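Notes for the one structure printed next.
No lab work stands behind these numbers, since they all come straight from the coordinates. Note that the structure is a prediction, hence the values are computed from the model and not measured. Heads up, the Cβs are rebuilt from the backbone with ideal geometry, glycines too, and the neighbour counts pull from every protein chain shown.
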Amino acid sequence: MVENKMHHSVFILLLFAFCLTMINIESSKAIAQDTDAKAFKSLKEKSINPETGLPKTLDPDRFRGKAKGAYTIAKEIPEILAQIPCFCECEPFGHENLLDCFIDNHGAG
């Protein structure tokens with residue numbers, strides 16, 4: 001049973017990584033985004049879920065297609081994403097981990 005849960009978690013993580021990769025490829029024409037780290041920190045503090053202590057992700061229904069899929073997965077596994085570094089060079093925006101990319105529009109490109 002534990003092995004089944006682990007396989008499921010690995011599958012979801014791989015699916016999430018695939019979706020994120022596809023979003024990043026499609027967003028190579030990226031829209032300029034807010035680079036104000038102070039504003040992001042304030043947003044992050046306001047979005048903390050008191051039950052988990054982690055920031056809440058944006059509602060996946062705000063998006064379509066692959067972005068919606070990525071935000072859906074992010075909403076399901078925030079504790080995992082909070083432990084994974086982000087490799088899209090968003091540290092200047094105030095992001096500290098992969099979960100941070102999904103509490104604003106950054107994860108959608």
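What spacing in nm lies between the two simple spin-label points modelled at E91 and E76, each 7 Å away from Cα in the Cβ direction? That separation, rounded to one decimal, is 3.1 nm. Couplings 3J(HN,Hα) of the stretch 46-63, computed from phi: 6, 9, 5, 7, x, 6, 10, x, 10, x, 7, 7, 5, 5, x, 5, 6, 10 Hz, in residue order, whole Hz [Karplus 6.51 cos²θ - 1.76 cosθ + 1.60, θ = phi - 60°; x for Gly and Pro].
Computed from the C-beta positions of H8 and D61 and an R0 of 25 Å, the FRET efficiency is 0.60 to the nearest 0.05.
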